[in-house]
Amino acid sequence: MAAAVDVSGLRKSYGDHEAVRGITFRIEEGEVFCLLGPNGAGKTTTIEILEGYRARDAGEVTVLGLDPGRRERTLRERVGVVLQHSETWPQITVGETLKIYAGYYREPRNVDEVIELVGLVEKRDARIKTLSGGQKRRLDLGLALVGNPDLVFLDEPTTGFDPQARRNAWEMIRGLRALGKTILLTTHYLDEAQQLADRVAVLRDGLIVTEGTPAELVASSHTEIRYREHGEVKVVETDEPTRTLHGLTSRAVAEGRELEELEVRRRSLEDVYLDLVHEDPT
Amino acid sequence: MSLFAHQVRADQLVFWRGRESAIFVFLFPVLLYLLLSTVYSGEYRGRPNTDYLTSSLIAYGVANTTFGGLAIILVMRRELGILKRIRATPLPAPMYLAAALCSILAVFVLQATTIMVLGRLFYDWHLPEQWPSLFAAFLLGALCFAGMGFGAASLIRSGEGASAVVNVVILPMTFLSGGFGPTTDYPSVLQAIADVLPLTYLVDIVQGVVYDGTPIWEQPTAVAVLFAWGLAGTLIAVRYFSWEPRER
């Protein structure tokens, strides 16, 4: 099956700052793929390169078989976008806004269907400025869907939502998946990735540090061994704690020294992720 | 319906629904016209003041609408992320900008027509003999000031700043360039400043047409200066126009 999105060796710098430092991933058709990571990890830079907003410095990128950097209209016909921040004209209504956007596409979805899909039926004739933040975000999603895209990019679609609004948004994204859309989603919420994604890539400091299904990520959470050597804290992560520990201890015993402050503990996915968020990039 | 017509219609809906833009951009020159025409009912160069004011207030309308209105609309849309969002749709970017231009020109045409009709009804104003030259001057002015509007939108950084910047530029410029009345009594310093302002040249052209019967093609210097301003604005836009918000 053809990949909906194929990225290899992608790099992007802003001045001296390398935002994306060589990442590779592939999204299959019909898949929900999540880029998970803390703020500043390079999620938005990556998704905006795929959306055609930014030029890449290096690497190969195809979206639905085309190069997004060329900003072809045929590609934009087939891709829906929810940006991290964007607003629409405050003075016109939900229905009018969707009708304007529907007019940009050759084969748009029916506007009333879209309004129903994103749950704004009661707000159809309400001006945008009277909508709540969550309702505006749903309209953003409606605008992304009105062109009947094959692929949808969602950049932090639930940031700033209360728990109930997030659950509703999740339901909507599951609905898109049921429609057969391919979805690329960025988030810094672990539970969102676990709830929605078929596959997750964890991004940190512009690199993918781990990738897999949510189940694989949980299974891969390994054991961490910490000790101090020559005054320096050493951390060893391992899937084979018995063997690794045996190697370490027998070497220390043979050399006649102590593994100071030796500590062994099992890490959960949450540990892994929280480390990503809070640790210094060392 | 073609995509271009669709977008112009969308721009018109957004413009007239936005009360601030409709009042400030469309109505303000009309109100000033009524005010000044009522206050200054005398004569200028042996003819009723309405001959001067009708054409000069339309010239002010050119600056206010195609320069100020366009700049404010574009900056607001950019800072709200509307421009960025549009870039993800199949609508071609040049078509979006052309529609914005066409839409603001339509607003100006309606505004100029309103002023002329009010002049006819209340102040006994008549079209000058050289009316094709008058209309050509307004159209040329509208295009040049729109070019400056695109340029200004590219330089203004914040949405809140847009209206302030535009007013601080337009009102003194109109005053100095004779848009609100003849500048023959102004001190020479002010007249020297006026000599570099684009609106001075538009007002000169239209008053040349109205008072001296000089057609637009016999005023090449003023046309060239106006055109140069429009071109400068357009080049600034080509270099600095941004589809993405500046303040994030």
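Applying 1/(1 + (r/R0)^6) with r as the Cβ-Cβ distance of residue A:16 and residue A:213 and R0 = 35 angstrom yields a FRET efficiency of 0.45.
Here the range A:240-267 is scanned for amide nitrogen atoms under 19 Å from the site 7 Å beyond the Cα of residue A:228 along Cα-to-Cβ, giving A:249, A:252-253, A:256-265. Between the range B:116-158 and the range A:62-101, the C-alpha centres lie 35 angstrom from each other.
Averaged over the residues of peptide A:77-86, the number of Cβ atoms from other protein chains lying within 10 Å of each residue's Cβ is 4. Compared with the alpha-carbon gap, the fully stretched path from residue A:171 to residue A:150 is longer by 5.7 nm at 0.36 nm per residue. Averaged over peptide B:81-87, the number of partner chain Cβ atoms lying within 10 Å of each residue's Cβ comes to 6.
Relative contact order, whole percent, for chain B stands at 29, derived from Cα pairs under 8 Å and 6 or more residues apart.
For residue A:234, no lysines have a Cα closer than 25 Å to its Cα, not counting residues fewer than 8 places off in the same chain. Excluding residue A:6 itself, what net charge comes from residues whose Cβ is under 9 Å from its Cβ, given Lys and Arg +1 and Asp and Glu -1? Here the charged neighbours net out to 0. Does anything in the range B:22-44 have its amide N under 18 Å from the 7 Å Cα→Cβ label point of residue B:120, and if so which residues? Under cut-off, by backbone N: B:30, B:34. Between the listed residues A:98, A:13, B:53, the Cα displaced farthest toward the positive end of the dipole of the protein assembly as shown, a dipole computed from Cβ unit charges relative to the Cα centre, is found at B:53.
One decimal place: the segment residue A:249-residue A:124 gains 38.1 nm when fully extended, by the rule 0.36 nm per residue minus the C-alpha distance. Using only alpha-carbon positions in the range A:3-218, the gyration tensor eigenvalues give semi-axes of 28, 19, 16 Å once each is multiplied by 5 and square-rooted (largest first). Taking every alpha-carbon pair under 8 Å whose residues sit at least 6 apart, chain A reaches a relative contact order of 21 percent. For a straight C-alpha distance cut-off of 25 angstrom, the lysines reachable from residue A:136 (same-chain residues fewer than eight places away being disregarded) are A:43, A:99, A:123, A:181, B:84.
Using R0 = 22 Å, the C-beta based FRET efficiency linking residue A:195 and residue A:240 works out to 0.10.
Can you give the FRET efficiency to the nearest 0.05 for residue A:29 and residue B:45, using r as the Cβ-Cβ distance and R₀ = 56 Å? Efficiency computed from Cβ-Cβ geometry: 0.15.
Any read-out appearing in this document is the output of simple, stated calculations on the displayed coordinates, not a laboratory observation. Fair warning: this is a prediction, and the values are worked out from it, not measured in the lab. With ideal geometry, Cβ positions are generated from the backbone for all residues, glycine too; neighbour counts draw on all protein chains shown.
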